[in-house]
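Remarks on the structure that follows.
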Amino acid sequence: MLLFLTALVFALIGLALGGGGLWLIVLGGSWYYLLAGLGFLVTAYLLWRRRAAALGVYAAVILGTLVWAIWEVGFDWWQLGPRGGVIIILGLWLLLPAIRRRLGFTSPTGQDYKAGALPLGLAVLASILVAGYSMTQDPLDLSGELPAAASAAAPDLGGNVPEGDWHQYGRTGYGQRYSPLAQITTENVKNLEVAWQYQTGDVKLPEDVGETTYQVTPLKVRDTLYLCTPHNWAIALDAATGKEKWKFDSNSGMNPDRQHQTCRGVAYYADPAATVGSPCAERVYLPTSDARLIALDAATGLVCPGFADKGTLRLEQGMKYNPDGYYYSTSPPAIVAGKIIVGGAVNDNYSTQSQSGVIRAFDVNSGELVWNWDSGNPDVTTPLPEGETYTTNSPNSWSVFSYDEALNLVYIPLGNQVPDQLGMNRSEAVEKYSSSIVALDITTGQVRWVRQTVHHDLWDMDVPAQPVLLDITAKDGTAIPALVGPTKQGDIYVLDRRTGEPIIPIKEIPAPTGAIPEDFTAPTQPISDLTFSPPPLTGKDMWGVTMFDQLACRINFKRLNYEGRYTPPSIEGTLVYPGNFGVFNWGSVAVDPERQVMFGMPTYLAFTAKLVPRDQIPPKEQSQKGSEQGLNRNEGAPYGVYMGPFLGPLKIPCQAPPWGYVAGADLKTGEIAYKHRNGTVYDMTPLPLPFKVGVPGIGGPMITKGGIAFLGAAVDNYLRAYNLTTGEKLWQARLPAGGQSTPMTYATEDGQQYVLMVAGGHGSVGTKPGDYVIAYTLPKE
């Protein structure tokens with residue numbers, strides 16, 4: 001009976017591999033699975049007939065698989081394992097005496113002709129040795145070092161922020177995410193311990209939308225920390241103890257149509273004309289998910305009634321259409337030259353009648369409108385007259401701005417016009433400004449320059465990240481005011497921030513064609529010479545835990561339209577890689593302005609996009625909640641779109657890992673120095689396995705003068721410290737919830753340096769929710 005059941009299992013596997021393999025061949029894929037399936041079927045037949053040759057045939061299957069696997073992926077354990085794991089386990093099963101001794105026969109003369117274990121045993125042993133060797137290798141790792149010497153002795157950090165403070169989202173208006181503090185070094189970072197922990201009380205609720213997330217980077221001014229929570233509470237804490245000073249609830253309510261329920265940060269402002277210590281002399285501005293901007297007294301948390309309408313500015317003013325839950329602000333505004341400059345997020349792919357993506361500057365004290373820049377009407381920036389409206393659905397900026405007050409420029413990372421996947425009927429202005437970095441005059445709002453990163457964007461490739469400003473030393477020794485712009489495609493644009501002209505070269509490369517008849521594609525697309533864009537996917541890059549889900553992924557890969565980066569959306573279904581999750585997202589990158597290097601977390605996940613004709617879109621369900629994944633209805637457009645990550649039957653990515661890295665690059669030369677797998681599957685699997693696969697993440701890094709880069713972000717719940725020079729992990733701390741925010745650092749009056757991390761989870765990547773604010777420091781001597 002045992003032998004019969006074994007034969008049956010082999011036969012079923014053979015039928016699955018053979019049938020799937022034949023389908024894959026018809027689609028133009030690998031012949032391996034059909035041949036392997038035939039090998040399993042022959043083995044099953046011989047097992048059923050109790051023939052000793054079964055072991056020899058199966059040894060040939062193992063050796064053939066081994067040669068094929070090495071030919072396809074080399075000695076990459078994470079790709080060899082799925083190809084050979086089941087096969088080797090079954091080989092070991094056949095070597096068991098209970099199976100092997102039942103094979104063969106005894107002649108009439110009494111001579112035994114039993115199955116010999118040697119051929120199969122050697123095949124299994126060879127495979128195990130290859131597996132063991134591959135575990136010591138990482139062919140996808142790039143090792144190297146960033147220059148350790150300072151290129152600038154006294155770099156411009158972007159403002160007069162005290163060394164121990166963190167006044168803006170990226171510490172200063174330059175968005176560098178760099179601190180000049182150096183008490184924590186590469187030698188002592190291993191000694192970091194929890195100094196204090198605070199829980200906000202704002203937790204994800206059952207009625208919340210899926211993407212309810214803690215993405216906040218707190219600010220630190222003198223002895224106080226300021227932060228916000230997903231439901232738009234503003235909180236002030238004592239920086240030394242974590243004790244709550246005040247809390248303000250904006251009562252922004254719940255709305256199932258919001259795609260995002262988050263707050264990345266508040267903005268701080270000290271009025272130079274106010275009497276020190278007077279009410280609202282220092283203010284914190286809180287953006288909310290119901291499209292308000294609220295001014296609070298930084299000392300007390302009370303509303304400042306002199307701003308706008310009794311302390312509240314309504315951002316839906318001037319919108320022709322104002323559907324509830326479609327427009328809100330998730331990022332802190334920029335405050336410069338007496339103005340508070342605000343963008344807003346417009347829900348992706350909900351409707352053609354959504355709010356405008358207008359950028360507006362208000363008087364920081366009164367809330368009066370100073371100028372407005374609407375990318376759908378870019379030439380007119382004087383305040384919108386009463387009774388007129390901004391351009392419907394013009395490209396919006398949902399991320400964080402940076403600015404250079406000396407140049408009088410604010411830098412806007414601009415998104416795409418929705419619907420993202422449909423480019424019909426876009427205006428000339430929209431075609432020019434979609435998915436670009438735009439420099440606006442701080443005084444007037446007029447465009448000074450624009451650098452587009454995707455032409456005729458059909459893939460939701462918003463510029464997602466705050467541009468980073470620093471000065472880069474040229475070969476002749478002069479300092480060039482530079483801007484570093486990370487993109488979802490993985491390109492790092494290094495530009496002269498005065499003009500938008502490239503410092504590191506940019507070229508145009510041919511792009512795939514084949515848009516739907518109503519649309520078109522751009523013939524070429526830009527790419528920077530400094531890029532983390534991955535090579536195109538092929539069948540051998542498909543992955544799974546076993547050969548079976550790997551085969552399913554290979555079949556689905558061949559069924560999708562895919563000609564590389566920028567393959568246009570289609571009714572048949574298109575593979576989008578890099579996906580709109582982005583190689584880089586709102587976490588941006590961190591730079592060291594002394595060494596003129598960057599540290600980032602490139603992430604690689606393929607997505608799919610399938611256009612759905614309007615008459616095939618089902619009615620909206622009453623209980624449906626806002627999301628960027630699944631069916632995007634695009635009301636008013638001829639097509640909706642199904643979007644989501646490219647996953648296999650077990651709901652893991654179809655593409656092989658690594659899905660996430662840490663990486664360092666020299667901004668003077670454009671050379672990538674290192675790229676290492678980042679993160680484990682500890683929190684992705686039913687068992688807490690610390691396998692360093694290289695997992696996805698969303699969030700940002702922070703660099704200190706002590707030579708360390710700090711980063712959470714990965715979907716395992718850890719905060720980690722890395723050697724900035726080499727990318728080597730130096731320390732990690734287990735977090736009580738997902739760490740999809742950007743850490744910051746500060747010092748108290750006694751000179752003690754702290755590293756602060758907010759851990760509250762991220763709905764879209766499925767990490768554990770929470771409400772934690774955790775400060776780490778070195779033991780006091």
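Calculate log10 I(q)/I(0) of segment 726-781 for q = 0.28 Å⁻¹, where I(q) comes from the Debye formula with a single equal point scatterer on each Cα and nothing for solvent.
-1.11
For a test of the definition: using alpha carbon positions, the gyration tensor, and the 1.5 limit on a/c, classify segment 372-452 as rounded, prolate or oblate. Each step should come with its number before you reach the end.
Values: a/c = 2.09, a/b = 1.27, b/c = 1.64.
Oblate, because a/c is 1.5 or more while a/b does not exceed b/c.
Give the residue from Gly132, Gln215, Ala713 lying farthest towards the positive end of the charge dipole for the chain; charges sit on Cβ (+1 for Lys and Arg, -1 for Asp and Glu) and the dipole is referred to the Cα centre.
Among Gly132, Gln215, Ala713, the one farthest towards the positive end of the dipole of the chain is Gly132.
What are the ³J(HN,Hα) couplings of segment 226-239, residue after residue, when phi is run through the Karplus curve with 6.51, -1.76, 1.60 and θ = phi - 60°? Round to Hz, x for glycine and proline.
10, 8, 10, 10, x, 8, 6, 8, 9, 9, 10, 10, 5, 5
With the radius of gyration and the Kirkwood radius both derived from the Cα set of segment 143-240, what is their ratio Rg to Rh? Don't skip to the end; give the middle numbers.
On the way: Rg = 17.3 Å, Rh = 16.6 Å.
Across segment 143-240, the Cα-based Rg/Rh ratio is 1.04.
When the dipole is taken about the Cα centre of segment 372-466, and only Lys, Arg (+1) and Asp, Glu (-1) are charged at their Cβ, what size is it in debye, to the nearest 20? Show your work: numbers first, answer last.
Details: 4 positive and 13 negative charges, 41 e Å.
Computed charge dipole of segment 372-466: roughly 200 debye.
When averaged across all projection directions, what area in nm² does the alpha-carbon convex hull of segment 1-159 cover?
Details: hull surface 63.1 nm².
Result: 15.8 nm².
Set the Förster radius R0 to 56 Å, insert the Cβ-Cβ distance between Ala98 and Glu671 as r into 1/(1 + (r/R0)^6), and round the FRET efficiency to 0.05.
Values: r = 59 Å, r/R0 = 1.05.
Once rounded, the FRET efficiency stands at 0.45.
Could you work out [θ]222 nm for the chain from helices alone, using -39500 (n - 2.57) per DSSP H run of at least four and dividing by all its residues? Round to the nearest 500 deg cm²/dmol.
Details: 8 runs with 121 residues, N = 781.
About -5000 deg cm²/dmol.
Collect residues whose amide H, placed 1.01 Å from N in the peptide plane, falls under 5 Å from the amide H of Ile480; neighbours closer than 5 in sequence don't count.
So Ile480 has HN proximity to Ile472, Thr473, Ala474.
Given charges of +1 on the Cβ of Lys and Arg and -1 on the Cβ of Asp and Glu, with all other atoms neutral, how large is the dipole of segment 26-125 about its Cα centre, in debye to the nearest 20?
Values: 8 positive and 3 negative charges, 106 e Å.
Charge dipole of segment 26-125: 500 debye, to the nearest 20.
Of the listed peptides 630-641, 353-364, what is their order by residue-averaged count of other C-beta atoms within 10 Å, with the highest listed first?
Working: 630-641: 19.9, 353-364: 24.6.
Answer by packing, highest mean first, reads 353-364, 630-641.
Quick check: the angle from helix 2-26's long axis to the longest principal axis of the chain, C-alpha only, nearest 10 degrees?
Helix 2-26 sits roughly 60 degrees off the main axis of the chain.
How tilted is helix 118-134 with respect to the longest principal axis of the chain? Cα atoms for both, answer in degrees (0 to 90, nearest 10).
10 degrees
Where Rh denotes the Kirkwood radius from the mean inverse Cα pair distance, what is Rg over Rh for segment 487-616? Show your work: numbers first, answer last.
Values: Rg = 17.5 Å, Rh = 16.9 Å.
Taking Rh as the inverse mean 1/r over Cα pairs, Rg/Rh reads 1.04.
Near Lys432, which lysines are there with a Cα under 22 Å away, not counting those fewer than 8 places off in the same chain?
Lys488, Lys507
Can you tell me the convex hull volume per residue for segment 285-414, based on C-alpha atoms, in Å³ to the nearest whole number?
Values: hull volume 14.0 nm³, N = 130.
Residue-normalised Cα hull volume stands at 107 Å³.
Using C-alpha positions alone, give me the convex hull volume of segment 199-327 per residue in cubic angstrom. All intermediate terms of the calculation are to be shown ahead of the outcome.
Working: hull volume 13.6 nm³, N = 129.
Enclosed volume per residue, from the Cα hull, is 105 Å³.
Report Rg/Rh for segment 428-467, rounded to two decimals, where Rg is the Cα radius of gyration and Rh the Kirkwood radius.
On the way: Rg = 10.9 Å, Rh = 10.9 Å.
The Rg/Rh ratio comes out at 0.99.
Kindly express, to the nearest 10 degrees and within the range 0 to 90, the angle between helix 53-73's C-alpha long axis and the longest C-alpha principal axis of the chain.
30 degrees
Sort 481-489, 562-570, 90-98 by packing, meaning the average of other beta carbons within 10 Å per residue, with the highest value first.
Numbers: 481-489: 26.3, 562-570: 21.1, 90-98: 15.2.
So the peptides 481-489, 562-570, 90-98, ranked by packing, come out 481-489, 562-570, 90-98.
Calculate, in nm to one decimal, what Glu563 and Leu302 gain on full extension: separation in residues at 0.36 nm each, minus their alpha carbon distance.
88.4 nm
How large is ³J(HN,Hα) for each residue in segment 479-484, as worked out from phi by the Karplus curve 6.51 cos²θ - 1.76 cosθ + 1.60 (θ = phi - 60°), to whole Hz, x for Gly and Pro?
Ordered by residue, 3J(HN,Hα) equals 9, 9, x, 10, 10, 10 Hz.
What ranking do 384-391, 739-746 get when scored by the average of other Cβ atoms within 10 Å per residue, highest first? Intermediate results must be reported in sequence, preceding the final value.
Values: 384-391: 13.0, 739-746: 28.6.
Result, highest mean Cβ count within 10 Å first: 739-746, 384-391.
Per the 1.4 Å probe, what fraction of the accessible area of the chain, in percent, lies on carbon and sulfur atoms?
Working: 16620 of 29050 Å².
That fraction is 57 percent.
Taking R0 as 56 Å, what's the FRET efficiency between Glu405 and Ala53 from their Cβ-Cβ distance, rounded to 0.05? All intermediate terms of the calculation are to be shown ahead of the outcome.
Numbers: r = 81 Å, r/R0 = 1.45.
Once the sixth-power term is evaluated, E becomes 0.10.
Express the accessible area of the chain per residue in Å², computed with a 1.4 Å probe while the remaining protein chains stay in the model.
Working: 29050 Å² over 781 residues.
It amounts to 37 Å² per residue over the chain.
To one decimal place, what orientation-averaged projected area in nm² is obtained for the convex hull of the Cα set of segment 450-563?
Working: hull surface 39.6 nm².
For the Cα atoms of segment 450-563, the hull's average projected area reads 9.9 nm².
Would you work out which of Leu35, Asn561, Ala747 lies farthest towards the positive end of the dipole of the chain, given +1 charges on the beta-carbon of Lys and Arg and -1 on that of Asp and Glu, about the Cα centre?
Leu35
I need the shape label for segment 500-567. Rule: rounded when a/c is under 1.5, else prolate if a/b > b/c, else oblate, with a, b, c from the alpha carbon gyration tensor. Don't skip to the end; give the middle numbers.
On the way: a/c = 4.60, a/b = 1.61, b/c = 2.87.
It comes out oblate by the Cα gyration axes.
Return the equivalent ellipsoid semi-axes of segment 626-693 as a descending list in whole Å, where each equals the square root of 5 times an eigenvalue of the C-alpha gyration tensor. Can you show the working numbers first?
Working: eigenvalues 205, 107, 18 Å².
Those come to 32, 23, 9 Å.
Taking the square root of 5 times each eigenvalue of the Cα gyration tensor, what semi-axes in Å does the equivalent ellipsoid of segment 620-753 have, largest first?
Working: eigenvalues 229, 72, 66 Å².
Taking √(5λ) for each Cα gyration eigenvalue gives 34, 19, 18 Å.
Under the rule of at least 5 residues apart or a separate chain, name every residue whose amide H is placed under 5 Å from the amide H of Tyr718.
Leu735, Gly739
Equivalent-ellipsoid semi-axes (√(5λ), Cα gyration tensor) for segment 694-745, whole Å, largest first?
On the way: eigenvalues 62, 25, 19 Å².
The three semi-axes for segment 694-745 are 18, 11, 10 Å.
At each listed q (0.08 Å⁻¹), what is the log10 of I(q)/I(0) that the Debye formula gives for the chain modelled as equal alpha-carbon point scatterers?
Once normalised to I(0) and log-transformed, intensities are -0.68.
Once amide H atoms are built 1.01 Å from N in the peptide plane, which residues 5 or more positions from Gln215, or in another chain, come under 5 Å H to H?
Cys263
Quantify how much of the Cα-Cα distance distribution of segment 573-669 extends past 19 Å, in percent.
Every Cα pair in segment 573-669 considered, those over 19 Å come to 58 percent.
With charges only on Cβ, +1 for K and R and -1 for D and E, what is the dipole size of the chain about its Cα centre, in debye, rounded to 20? Don't skip to the answer; put the middle values down first.
On the way: 57 positive and 71 negative charges, 685 e Å.
Dipole size: approximately 3280 debye.
What shape does segment 32-110 have by the C-alpha gyration tensor, where a ≥ b ≥ c are the square roots of the eigenvalues, rounded means a/c under 1.5, and otherwise prolate means a/b greater than b/c and oblate the rest? Can you show the working numbers first?
On the way: a/c = 3.10, a/b = 2.28, b/c = 1.36.
Prolate.
The values are calculated or read from the model by the stated rules, or taken from the named source; none is laboratory data. A quick note: this is a predicted structure, and the numbers were derived from the prediction, not measured. In this analysis, Cβ positions are derived from the backbone assuming ideal geometry, glycine residues included, and neighbour counts consider all displayed protein chains. Accessible surface areas use protein heavy atoms only, side chains included; no ligands, DNA or RNA. Shrake-Rupley method; radii C 1.70, N 1.55, O 1.52, S 1.80 Å.
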